[in-house]
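The values are calculated or read from the model by the stated rules, or taken from the named source; none is laboratory data. Just so it is clear, the model here is predicted, and its values are computed rather than measured. Glycine gets a Cβ as well: all are built from the backbone with ideal geometry, and neighbour counts include every protein chain shown. These accessible areas exclude ligands, DNA and RNA; they are computed on the full protein's heavy atoms, side chains included. Shrake-Rupley method; radii C 1.70, N 1.55, O 1.52, S 1.80 Å.
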2 protein chains.
Amino acid sequence: MTGLLTQAEGDPVAIENADAKGPFVFVCEHASRRLPERLGTLGLSPEALESHIAWDPGALAVAKRLTEKLDGTLIHQRFSRLAYDCNRPPESDAATPAMSEVYEVPGNRTMSAAERQARVDELYLPFHDAVAQFVSDRKAAGRRPVLVTMHSFTPVYFGKPRAVEIGILHDADSRLADRMLAVATTGEVAYDIRRNEPYGPADGVTHSLIEYGIRYGLPNVMIEIRNDLIRDEVSQRVMADYLEGLLAKGVAALPAK
Amino acid sequence: MTGLLTQAEGDPVAIENADAKGPFVFVCEHASRRLPERLGTLGLSPEALESHIAWDPGALAVAKRLTEKLDGTLIHQRFSRLAYDCNRPPESDAATPAMSEVYEVPGNRTMSAAERQARVDELYLPFHDAVAQFVSDRKAAGRRPVLVTMHSFTPVYFGKPRAVEIGILHDADSRLADRMLAVATTGEVAYDIRRNEPYGPADGVTHSLIEYGIRYGLPNVMIEIRNDLIRDEVSQRVMADYLEGLLAKGVAALPAK
């Protein structure tokens, strides 16, 4: 017992539709802006605690819709990435950033080694083990899961507006990303979609792709949506409709194995 | 079923003394030079298949002795690192090297993606999961395991003799290594012992330390022994006696936590 989460706060990992018939496993590491009570505000202002540094606004809502539409499974973290960023390994300082974009995070700068390890033990490791176990069980059952991590990004970063609307990100395995990009840029082009933008492997954002996709030999992709495009239910639905087509066509275009 | 190991070949992972009372968890990724039958000789000569590129000669024997002496647990891989090097992640080409020191490994150069994935699935993932699960269970039981990975290195590398006799290796967490080096270099100095030699983190050799030690916040160290010092039973016993003292004193010097 390292004592970060209270019993009332419950499990850090939520799994929805575990018995899905479809191949898609959606992972949302930055689904929530909720902080474990024991961390207080980490010294942040209410504005910062609502902002994109605490979570990926809209990402969970779009992931939920895709999970339903494609009969996939969704695994998400129930606590803020400010407490622990589950898309970073424990050995990375970025997992508990002392600085995020323009915000200092005092509570992350001053924590003890024991507190940091408690965050690893109670937020990262259960999440990591849940996703790894899930894809491993699926493989053992003779299925081929497809890993899709769902993120959103801020339209203005360090004061600079971003033109890219959707990022299709990959690490060494670009099988699925290549096919989705081919679909997205053929015929009517609906969005400004780019490969490995606004982030890419060099920014350390492909941790989940490597851990749960590449290690298991699974098709995998990370989707980054500019968060002003998914601010409300209607726009989230529009985005999910679009991504549903892209994912389904992308997977259909993969070699039989 | 991806079909690399036959049923007769059995489990790729061996766990000895799982109910140990002591804190030490010895891990030996390069314990064996045995190749899965289906891989044949990988196109290598008998000489290469006996050499240090296939395994770490003597490492398992010393690890077994330490396991007994310190009432620790030992987890080792039963197949050669030429089939899959369990101290490397699947996304690294070094996990199935096409070239190892001066030897080409034809069977690793020509394998298909499916065969490579079978090696990951049947050699790496079960090993990874066994060690991760073991240390995780120990922690959950309120104990503090100490991770020690056991290796040996060739006295002559690319034609150059090596002076270092024992390497004490670490990545970002040097707590245990620092204390062992302090003990080793105080009073009578028995061996040429060096920090992060002949390899270090930049060579990618700290994968196991990171995966099973740092991620769980456990004291951890990698021991590299020059293999000419552990060629037979007597010399292995001498080395184990020495390392027993070093490990016990190193752990005793750690802060209570």
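Scanning for something within 25 Å of residue B:228 (Cβ to Cβ) and in a loop (DSSP other than H, G, I, E, B), does segment B:59-75 turn up at least one residue? There is at least one residue in segment B:59-75 that is within 25 Å of residue B:228 (Cβ to Cβ) and in a loop (DSSP other than H, G, I, E, B).
If you filter segment A:60-89 down to residues that are open to solvent by less than 10 Å² (accessible area, probe 1.4 Å) and within 14 Å of chain B (Cβ to nearest Cβ), you find that the one that is nearest to the chain's Cα centre (by Cα) is A:86. When segment B:134-181 is limited to residues that are more than 19 Å from residue B:67 (Cα to Cα) and polar (S, T, N, Q), the one that is nearest to the other protein chains (Cβ to nearest Cβ) turns out to be B:136.
Between B:202, B:184, B:190, the distinction of being more than 13 Å from chain A (Cβ to nearest Cβ) and buried (at least 20 other Cβ atoms within 10 Å of the Cβ) belongs to B:184 only.
Take the residues in segment B:116-172 that are in a loop (DSSP other than H, G, I, E, B) and hydrophobic (A, V, I, L, M, F, W, C), then tell me which one is most open to solvent (accessible area, probe 1.4 Å). Break it down into steps so the answer makes sense when it comes.
Looking only at segment B:116-172, we keep the residues that are in a loop (DSSP other than H, G, I, E, B), and these are B:141-145, B:154-155, B:158-159, B:162-165, B:170-172.
Keeping just the survivors that are hydrophobic (A, V, I, L, M, F, W, C) gives B:141, B:158, B:163-164, B:172.
Details: B:141: 74, B:158: 122, B:163: 63, B:164: 5, B:172: 87 Å².
So, considering only residues that are in a loop (DSSP other than H, G, I, E, B) and hydrophobic (A, V, I, L, M, F, W, C), the one most open to solvent (accessible area, probe 1.4 Å) is B:158.
Against the conditions (1) touching a Lys or Arg at 6+ places or on another chain (Cβ under 9 Å); (2) within 11 Å of chain B (Cβ to nearest Cβ); (3) in contact (Cβ under 8 Å) with a residue 24 or more places away in the chain, residue A:119 satisfies every one except (1). Restricting segment B:90-102 to residues that are surrounded by fewer than 19 Cβ atoms within 10 Å (Cβ to Cβ) and in contact (Cβ under 8 Å) with a residue 24 or more places away in the chain leaves a set whose member that is nearest to residue A:215 (Cα to Cα) is B:92. Pairing residues of segment B:206-220 that are over 17 Å from residue B:125 (Cα atoms) and at the interface with another protein chain (Cβ under 10 Å from one of its Cβ atoms) with residues that are surrounded by fewer than 22 Cβ atoms within 10 Å (Cβ to Cβ) and of a type in the set (Gly, Ala, Ser), at Cβ distances under 7 Å and at least 6 apart in sequence or on separate chains, gives B:214/B:172; B:216/B:136. Within segment B:201-257, track down each residue that is touching a strand residue (DSSP E or B) at 6+ places or on another chain (Cβ under 8 Å) and among the β-branched types (Val, Ile, Thr). Across segment B:201-257, the qualifying residues are B:205, B:206, B:214, B:221, B:223, B:225, B:230, B:251. The set of residues from segment B:173-200 being in contact (Cβ under 8 Å) with a residue 24 or more places away in the chain, outside any loop (DSSP other than H, G, I, E, B) and of a type in the set (A, V, I, L, M) comprises B:176, B:177, B:180, B:182, B:183, B:184, B:193.
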